[in-house]
Structures are given as C-alpha cells and as structure tokens.
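Here is the structure we will look at.
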Amino acid sequence: MALFLPNLPLEREPAPTNLPCAVVNRRRGRRIVLACNTSAHAAGIETGIDAVTALAREPTLRLIERSPSREARALAGLANWALQFSAEVCLDASRWLLWMEVGGSTRYFGSLPALTGRIEESIAALGFTAHSGVAPTLEGAAILAREARSGIALDRPALLERLGPGELGLLALDPEVVAALRATGLRTIAEALALPAAALARRFGPEVPLYLRQLTGELPDPRPRHRAPDRYRRDHDCTCPIATVEGLLFPLRRLLQELEGFLRGRDLALQHLTVTLQHRGAARTMLHVRTSSPQREAVRLFALLRERLERTVLPEAVTGIRLAADELLAPAIRQGDFFDQDARPNEDWTVLLDRLRARLGETAVRRLGLADDHRPERAWVLDGTTADPPFSDDYPDRPLWFLEAKPIERLPALCGKPERIEAGWWAGEDSSRDYYLARTPEGARWWLYRDVRTSRWYLQGIWS
C-alpha cells in the first residue's frame, strides 16, 4: 500500500486552517506557490502562481518557504506512526511517498478495505491529505495513489489494466525522459511498457527499462526498510514561533498521535515522557509527564501534558519541540476475569492519580508503599513513586488497620500458633515478639504480640 501526500510541504506542520497559508518554492529565481490550504484556495490562490501575484490576491497570505529536510522529518515521523499497521514500512521523502506491506495485516484488521479505511481515517486525523493505492509492486501502488482515486490492484494483470491508460507523467522517470517519450508520439503507460527493453536501454540508459520492469513486477524492487528506534525521539521545528499554550496544542496533539502509533507498532508503552520546548533567546522549558502505569494512548498523554502546560509560563515564543522517551515498557493490558469484570475501576483511579500529579506537582500526591523491614510498624513508607509496590502471594496475612503498640491487660481468645518476629538489631533497636491472632467477644479480629523480653502484651492491628 502506498500513501501519497500531495500537501506534505504545507501539512508537515499542523496549524489552524482558518489562516490562509501557502508554501513557496524557488524556481529560476522566482518564488512559486507549491501548495496552499483551503483558506488560501478560497481567496483565489492556486499552485503555480508566483508569490507576488498570490500576495496581491490575498494580502494576509502567510508564505512558508519549502524545507525538504523538514518534509523528510515529518515523513519519518509518519513512518513510525505507520508501524502500528505494518512491520514493513519504507518511504521516499523526495516524492512524498510512504509504503506499507499490508498483506500480513489484512487478517488482523478483518479485510483489505477495512484496513485501508482505518489507515486513511487515522492519517486524516493527523491532519494530512493522503491518497492511497494498493498493488503487488511498490511503484505500481505509488502510481495508483498519485492518481488520487485510491485504486486497488491485487495481482499483476489487474495492475497492468489499471496502469495502461495512465499518462506518462505518472511514471517516476526523469522529466527529460518523459518529454522524449512524448516527442516520439507516446501518450500512455501501456505504450511505454510495449517498447523493447533493449531499445529503451540504448536510448535512455539501463535505469529506464529496469524501472518499468520493477513497476510491473517482472523484477524485484528491494528498498531499505524504515527501522524503528530503540529510544523514541521526535523533533519538530515551528515555522513560525508559537507564543501561546493554545498554539502549542496543535503540534503536540499530532506528535502524541505519532508516538501512540509507534508504541502500538512495537507493542510497547511508557511511564515517563519528556517534552522540551525550545526558545530562541531563553533557556529550554522542560515538561515531564509521568503515569502510574505504562501507557500509550495519545488522548491520555495529551490530557496530562495539557495540565502541565496550563501551569507553565513560557519565557519566550516556542521555536521547536522535542518528544523523548528513553525507557519503553510492556503495556498495561486490562484483562477481564471469569465473570467479565475488568480492571476499569482501578484504571479510573490511576487516571485520577495521574491528573492530580500533573495539576498539583509530582510531590503533592503520595501513597503508601511497602518497606523492606520485618517490623510491622516499619514495613511501610510514604512513597511518591508511581510504580506499584512489590507484593507476592506468599506475603503473610496482615491487618490493614495498624496502630501504635497499645498495652493491653486482658487478653481476648487467642487463635492459632504464634509468629515470632525478631528484627532491629542492625539499628540498635533489637526486638523479639510473638504475634497472635485473637478474636474479641464482639467478633472483631485483633493482631497482638507479646514482648519476649518483658512478657507484656500489646495491640498492634485490627482486621475488623
């Protein structure tokens, strides 16, 4: 499957669509409009006109110089996003093309139309205009995508039938070669494919017949695959500095959606995301997003990041954004039990916990955790970390209601054998205790201990 992004020079940076914008490219000393958004098009701006004419038609038009390096960076971000749909992704930034091998993904998504529809819907949500094409060859899929009709050809005969009527300009050949073919009277791809390979090689070199044979599937067309990084890094340059938090929400939403696609493609998640805001004349602004459990949903990460941003004062306008995640973890998958009751209540609790931390600060919200100490009164700690405390199935039964040791004179009925706990000798607080489970006349369960040295009894905890 090929995705052709005709407006990549313009859409590489998410921006409000109500402002007329156009990307210009220098050609023979003139600045020519390469792409424009719907607002500019409504104002009479068209591709191919020069910048002077465009500004005369719409004085408020924002002109953006084309940047092939930023286009390549945006397409690489899309390649990471595409890993959620296919493990084999390759790209050609100079032609604004992205390919995915979708044969192995069709069964998972139900059908080829369901998969292509899901991809087209998802990439539109990112703010990109994309045309898709499906074919047994890379270049065949690229041509079908460039036709802007979302064509599908599942085998070689169907591909040849679809390609045949296409004009020569759809071929990924040097413009001079296309002009020479037209000069000989050729008009369609079918006519070019009918020419002898030897004659084409003598006239234009071996690259032309090689391309045509790879186009039709006669020869293999190996391409380097996009490699997912071990650590996530995504840099975004702002064409125009962003001075408000609201303005940052446009690029951040897309960047987090790309991150989610990358994490889903690798079946990973994160608990710590660093967002760096760069300024031209001030120190960088660092924002840290932490979660109670491994997460990858862009919606949840965006909500937490927005909480952070609302508490942040920007020293200057933002000129660049970086997302970084150094430690990638296995995702926290919610599983149902035998009675079809899932872990949603616990998930809702962690959502609340994360939002409180994002709004109030990391140290404002703390919780109880386990400490490595046998003494019950020392076996807990007020912990600010987000990781779940260690716990094992063979952990001894303990009451949740602990008390400061309270001397008691009259013993209730003791149940079972004692549990001896000896600890504290390493800190000069040596203690030796025999713990008992007891039941009061009212039916409550107590946890008592007898100090071995003094033979006195104390109440340590209550179950109910």
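The values are calculated or read from the model by the stated rules, or taken from the named source; none is laboratory data. Treat the numbers as computed from the prediction; the structure is a model and nothing was measured. Positions of Cβ are generated from backbone atoms using ideal geometry, with glycine treated the same way; all protein chains shown enter the neighbour counts.
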Point to revise | Number of the condition not met by ALA87 [criteria: (1) touching a helix residue (DSSP H, G or I) at 6+ places or on another chain (Cβ under 7 Å); (2) modelled with pLDDT under 95; (3) among the aliphatic types (A, V, I, L, M)] | key: (1)
Practice item. Name, by its number, the condition in (1) without any contact (Cβ under 8 Å) to a residue 40 or more places away in the chain; (2) buried (at least 16 other Cβ atoms within 10 Å of the Cβ) that does not hold for LEU305. Key: (1)
Check your understanding: Going by the structure shown, is ASP326 closer than 14 Å to ARG234 by Cβ and either in contact with a Ser or Thr (Cβ under 7 Å, 6 or more places away or on another chain) or modelled with pLDDT under 95 (or both)?
Key -> yes
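Okay, residues lined up against (1) modelled with pLDDT of 95 or more; (2) buried (at least 17 other Cβ atoms within 10 Å of the Cβ); (3) among the β-branched types (Val, Ile, Thr):
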| position | (1), (2), (3) |
| --- | --- |
| GLU260 | yes, yes, no |
| VAL275 | yes, yes, yes |
| HIS279 | yes, no, no |
| SER292 | no, yes, no |
Review point. Quick check, is LEU144 surrounded by fewer than 18 Cβ atoms within 10 Å (Cβ to Cβ) and either hydrophobic (A, V, I, L, M, F, W, C) or outside the structural domain of ALA79 (by TED's automatic domain parsing) (or both)?
Key: no
Exercise for review: Check LEU126, LEU193 and return the single one that is touching a residue at least 24 places away in the same chain (Cβ under 8 Å), under 30 Å from ALA298 (Cα atoms), of a type in the set (A, V, I, L, M, F, W, C) and surrounded by fewer than 20 Cβ atoms within 10 Å (Cβ to Cβ).
Suggested key: LEU126
